[in-house]
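Q: I am attaching a structure below and will ask some questions about it afterwards.
The values are calculated or read from the model by the stated rules, or taken from the named source; none is laboratory data. The model shown is predicted, which means the values in this text are computed figures rather than measured ones. Methodologically, a virtual Cβ is constructed for each residue, glycine included, from the backbone with ideal geometry; neighbour enumeration extends over all protein chains shown.
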Amino acid sequence: MKYLCLVYLDEKRLDELPDEDCVAYDAKIRASGHCLASEALESVRTATTVRLREGKVTVTDGPFAETKEQLAGFYMIDAQDLDAAIRIAAGIPPAHVGSIEVRPVRPIRDTVAATRQLKT
């Protein structure tokens, strides 16, 4: 099952985490076959939020909400179950100074394709 591990932390603490530690952990879980994709994100200052309301697009500088911790990166992993996903997420270095949100990926493409197949 696929899980998205969202890495949140206060950007002021980012310097406490050597990039080398994050890259080493990434290499470890890629080698194990658990990591499907991962990336660090640029500063929240570079974020742009897009909304579509009543046919009108609005663009706002910055993240969608003011929070103490910002989304700093993600890991898309493949794990047997939630317990295994939590074990993998616990090893992500920013867990030491921030938090890792673990969420199952909703297989929307598979669900839509199956529904279409049933209709034909």
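Q: Of all residues being at pLDDT 95 or above and in a loop (DSSP other than H, G, I, E, B) in segment 7-43, which is surrounded by the most Cβ atoms within 10 Å (Cβ to Cβ)? Just the residue, please.
A: My answer is His34.
Q: If you check every pair at least six apart or on different chains, which have Cβ atoms under 6 Å apart with a residue in segment 1-27 that is of a type in the set (Lys, Arg) first and a residue that is surrounded by 13 or more Cβ atoms within 10 Å (Cβ to Cβ) second?
A: Lys2/Asp78; Lys2/Val105; Arg13/Val97
Q: A further question follows. For the condition closer than 18 Å to Leu9 by Cα and in contact (Cβ under 8 Å) with a residue 60 or more places away in the chain, what is the one hit in Val44, Val102?
A: Val102
Q: Tell me which of these Thr60 doesn't satisfy, since it passes every other one: (1) surrounded by fewer than 11 Cβ atoms within 10 Å (Cβ to Cβ); (2) outside any loop (DSSP other than H, G, I, E, B).
A: Against the list (1) surrounded by fewer than 11 Cβ atoms within 10 Å (Cβ to Cβ); (2) outside any loop (DSSP other than H, G, I, E, B), Thr60 comes up short only on (1).
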